[in-house]
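Trainee: Encoded as C-alpha cells, here's the structure I'll be asking about.
The values are calculated or read from the model by the stated rules, or taken from the named source; none is laboratory data. Keep in mind the model is a prediction, meaning the values are calculated, not measured. Glycine also receives a Cβ, built like all others from the backbone with ideal geometry; neighbour counts cover every protein chain displayed. Areas reflect the complete protein model, heavy atoms only, side chains present, ligands, DNA and RNA absent. Shrake-Rupley method; radii C 1.70, N 1.55, O 1.52, S 1.80 Å.
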Amino acid sequence: MEAFSLAALPQLEVGPEAVKKVPAWLEAMGHEEVLLCIGGSSLERSGQLGLFLSLCVEKGIQVTTAHVAGEPSPEIVDAITEAHLSGGCSCVIGIGGGSVIDAAKAVSAMLAEGREHRSCHVKDYLEGVGTLTPSGMRVGLIAVPTTSGTGTEATKNAVISSVGENGFKKSLRHMRYVPDLAVLDGTLSISCPRSVSAASGLDAVTQLLEAYVSTKASPFTDALAIQGLSLAGRVLPGIIDGTLSDDMEARTQMAYAAYLSGVTLANADLGVVHGAASPLGAAREIPHGVVCGTLVRAASETVIRHLKQDGNSASLLKYAQAGYALMNLPAGGIDKGLELLVEVLSSWEESFGIQRLGEFGFSEGELKDLSKKTGLKNTPAALTAEEIHSIFCERL
C-alpha cells in the first residue's frame, strides 16, 4: 500500500434533528456566550432558528446572531469580528450554506488573533494576499450546513472572496481550523430552494469526482469518494425533481455525501473545475456551486479525451468507476462506465437548470484570459489553456 496521511476530522453528529444536540454540547464544553452566524431568512421561516435559540436559553447559553449575505468578503468577516472582539464569545456557530460556515470559521480565527493583539483583519492572513501567517488560534467552532455542497464543515480552510477588478478568491488555512463539531441534519435543508440544492449538490459531486481521480488520491479517499458518489446518485435527482425534496432521510444522505466530499478534498485535493472556480469567482458574482455544476460535465469530457490520447488507462478506469457509482450499477467495462458518467452529468446539467457562464456577464475574450489563470490542481491530465478555454466556451 502506498503511504498517505490523513487530515484531522471534526466530531460528527448525523441524523434528523441532530442540531438539537448542539446546546448540550456547548454546555458540556463550558461555552456560555456564543456567536451564531446565519444566512438568509429561511432558517427563521422554518422555525428551526427559534427552536435552536430556545434550547440554548434552557441551557443558560447567551446567543448573539450575525447575518452573512453572499460569499464572505474580508469586509464582512472583519465587521463581525470587530463587533465581538471585546465580548465574552468563546464559540462561533455557523448554521447555513458553505459561505456562512466559511465566515464562521474565519471569525473564529480572527477573534483569537485579535485578542492576542495581532491583526484581526482576515485579509492579512489569506494565502497569496496577506503577509501574516495564521497562528492556528481560534475560539470554539461548530459547523451546521443547511445546504449539501461544499463540505467545508470537514476542512481546514475558509474561502474568502473579493469580487471585481483585482479581485481574489483565497483561503484562510490552518490545520486547527477544522471545526470542533460538525452536525448533519437533513431537516435543515428541506427548506433549501431548488436552485441552491441543485448547485450545491453538483458542487459535492464535482468534489467527490475530482478527489477520486486526483493524482493525490489514496485508498482512504477512494473508498469515501465512491460511497459519496453512490449516495448522491441515489438521492440528488429526487431532491431536485421534488420526489424526495421533503424526505429527511434523503436529505441526510445527501448531507453526508457532501461531508464526504469535504473529507476527500481535504486529503486528495481537487482538479481543474476547482482550479477555475477561483478566477471565475473573483471576476464575477457567480456562486461557487454554479461554477462547478456548469463546468463538471464539459471538463470531465475534455479530461477523458486527453487521457485517451495519453493512454492513461488507470485514470480512465477511475472515471468509469465513478460513472457506475453515480448510476448505482455494478461495475463493468471502461467504455460503458465513461459513457454513463457523461450521460448522467449531461442529464443533470440540463434537468437541474444549471446556469451558463454568459448569464453572469462573461465574454469569450474574458474567458480566454481567465483560462490562463486556471490551475489544474491534481487533474490527471495536463490540460492546456486552450483546452480550458474550450471548456469555458462550451458553457458560455
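Trainee: Could you work out the local net charge near LEU181, counting Lys and Arg as +1, Asp and Glu as -1, over the other residues with Cβ closer than 10 Å to its Cβ?
Mentor: -2
Trainee: In addition: So how strong a dipole does the chain carry about its Cα centre when Lys and Arg Cβ are +1 and Asp and Glu Cβ are -1, to the nearest 20 debye?
Mentor: Dipole of the chain, to the nearest 20 debye: 480 debye.
Trainee: If you don't mind, there's one more thing I want to ask. Convert each backbone phi in the stretch 28-44 into a coupling constant with the Karplus relation 6.51 cos²θ - 1.76 cosθ + 1.60 (shift: θ = phi - 60°), then list the ³J(HN,Hα) values in order as whole Hz, x for Gly and Pro.
Mentor: Those phi angles translate into 5, 8, x, 8, 9, 10, 10, 10, 9, 9, 9, x, x, 9, 5, 5, 5 Hz.
Trainee: Using modelled backbone amide H atoms (1.01 Å from N, in-plane), which distant-in-sequence or interchain residues come within less than 5 Å of LEU36's amide H?
Mentor: It is THR64, THR65, ALA66, ILE93, by chain and number.
Trainee: Further question: Taking the Cα centre of the stretch 87-215 as origin, work out the dipole magnitude from +1 charges on Lys and Arg Cβ and -1 charges on Asp and Glu Cβ, in debye rounded to 20.
Mentor: Details: 11 positive and 11 negative charges, 38 e Å.
The dipole magnitude comes to about 180 debye.
Trainee: Starting at the first residue of the stretch 167-178, write each ³J(HN,Hα) from the Karplus equation 6.51 cos²θ - 1.76 cosθ + 1.60 with θ = phi - 60°, in whole Hz, x for Gly and Pro.
Mentor: So the J values, rounded to whole Hz, are x, 8, 9, 10, 9, 9, 9, 6, 4, 7, 8, 4.
Trainee: In the neighborhood of SER261, defined by Cβ-to-Cβ distances under 12 Å, what is the net charge if each Lys or Arg adds +1 and each Asp or Glu adds -1?
Mentor: Taking every Cβ under 12 Å from that of SER261, the sum is -3.
Trainee: How large a share of the accessible area of the chain, in percent, is made up of carbon and sulfur atoms when the probe is 1.4 Å and the other protein chains stay in place?
Mentor: 51
Trainee: One-quarter of the Cα convex hull surface for the stretch 287-338, in nm²?
Mentor: Seen from a random direction, the Cα hull of the stretch 287-338 projects 3.9 nm² on average.
Trainee: A further question on this structure: Return one number: the angle in degrees, 0 to 90 and rounded to the nearest 10, between the long axis of the Cα atoms of helix 288-310 and the longest principal axis of the Cα atoms of the chain.
Mentor: Approximately 30 degrees, to the nearest ten.
Trainee: Treating only the Cα positions of the chain as identical point scatterers, give the base-10 log of I(q)/I(0) from the Debye formula at each q in 0.08, 0.12, 0.14 Å⁻¹.
Mentor: Log-scaled intensity ratios, in q order: -0.39, -0.90, -1.21.
Trainee: Still on this model: What percent does the relative contact order of the chain come to when contacts are Cα pairs within less than 8 Å and at least six residues apart?
Mentor: Averaging sequence separation for qualifying contacts and normalising by length gives 16 percent for the chain.
Trainee: Plugging the Kirkwood radius over Cα pairs into Stokes-Einstein for the stretch 196-277, at a temperature of 10 °C and a viscosity of 1.306 mPa s, what D comes out in µm²/s?
Mentor: Here the translational diffusion coefficient equals 127 µm²/s.
Trainee: Going by average Cβ density within 10 Å per residue, which order do the peptides 65-77, 286-298, 227-239 take, highest to lowest?
Mentor: The most tightly packed comes first, giving 286-298, 227-239, 65-77.
Trainee: Could you please state, rounded to a whole Å, how far the C-alpha centre of the stretch 293-307 is from the C-alpha centre of the stretch 120-181?
Mentor: 28
Trainee: May I pose another question? Give the average over all directions of the projected area of the C-alpha convex hull of the stretch 153-220, one decimal, in nm².
Mentor: So the Cα hull casts an average projection of 7.2 nm².
Trainee: Between the stretch 188-225 and the stretch 322-355, how many Å separate their Cα centres?
Mentor: What the calculation gives is 14 Å, centre to centre.
Trainee: Another question, then. Take THR81, THR150, THR243 and sort them by solvent-accessible surface of the protein heavy atoms, 1.4 Å probe, largest at the top. Display every interim value, and only then the final one.
Mentor: Values: THR81 0, THR150 45, THR243 110 Å².
Order by accessible area, largest first: THR243, THR150, THR81.
Trainee: Can you give the local net charge around THR215? Use residues other than it whose beta-carbon is closer than 10 angstrom to its beta-carbon, Lys and Arg +1, Asp and Glu -1.
Mentor: Values: positive: LYS216, LYS377; negative: ASP269.
Once all neighbours under 10 Å are counted, the net charge is +1.
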